[in-house]
Amino acid sequence: MEIIAKKITKEGISKERTFGNALLFDDFLGRRHGYTYSTYTHERFASSIDGTCYAIIYAGKRRIITDQQLDDYYRDNFDAAYKSKWSKEVLERRQRKHRRLSTVLRKINRKYKYLTQAEGTPEFKELQKLLGA
């Protein structure tokens with residue numbers, strides 16, 4: 001399965017880089033074989049042994065992360081000018097909302113397995129409220 005990834009640094013996001021399969025990407029990162037597979041099934045980012053961050057764009061024909069998600073990740077984690085615009089209170093409020101959102105999603109996953117099965121439940125209504133839907 002072909003892996004397409006982009007390197008993310010403080011200087012910016014690199015061009016796409018293609019790897020013939022996940023094992024080649026594992027070797028490139030200096031990680032054990034199977035690292036890439038276990039990473040993209042749960043997360044969108046992989047890191048090399050030296051700590052360099054890579055966004056996994058495609059794994060085979062499956063799109064793992066969109067350009068907007070990648071831009072948001074870069075802005076939130078690497079763009080110091082963007083982060084300095086937020087006050088401490090705003091950052092704390094965003095973190096609390098993110099933690100609550102994660103908690104609600106885990107609860108829905110544990111109880112109902114799918115969002116469609118959770119429709120109409122109190123957890124689903126809370127999720128809608130958190131997302132502003």
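Bear in mind these aren't lab numbers, they're just calculated from the coordinates by the rules spelled out. Worth saying up front: this structure is predicted, and the values here are computed from it rather than measured. Quick reminder, even Gly has a Cβ in these numbers, built from the backbone with ideal geometry, and neighbours come from all protein chains shown.
Figures for the structure shown
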| item | result |
| --- | --- |
| Within the range 24-110, chymotrypsin sites (Phe, Trp or Tyr not before Pro) in DSSP loop having at most 15 other beta-carbon neighbours inside 10 Å | W86 |
| Within a Gaussian network of the chain (alpha carbon springs, distance under 10 Å), most fluctuating of I56, I108, I65 | I108 |
| DSSP-assigned coil residues among GluC sites (Glu not before Pro) in the range 47-133, each with at most 12 further Cβ atoms within 10 Å | E119 |
| C-alpha center-to-center spacing [the range 94-133, the range 24-72] in angstrom | 26 Å |
| Solvent-free Debye scattering, log10 I(q)/I(0), computed from the Cα coordinates of the chain at q = 0.10, 0.14 Å⁻¹ | -0.45, -0.82 |
| Greater than 18 Å apart at Cα, pairs in K97/K125; K7/K88; K6/K61 | K7/K88 |
| Net +/- balance of residues flanking D50 in space, Cβ distance below 12 Å, scoring K and R +1, D and E -1 | +2 |
| Estimated translational D of the range 18-83 in µm²/s (Stokes, Kirkwood radius over Cα pairs; 20 °C; 1.002 mPa s) | 170 µm²/s |
| Helical contribution to [θ] at 222 nm, DSSP H n ≥ 4, -39,500 (n - 2.57), averaged over the chain, rounded to 500 | -15500 deg cm²/dmol |
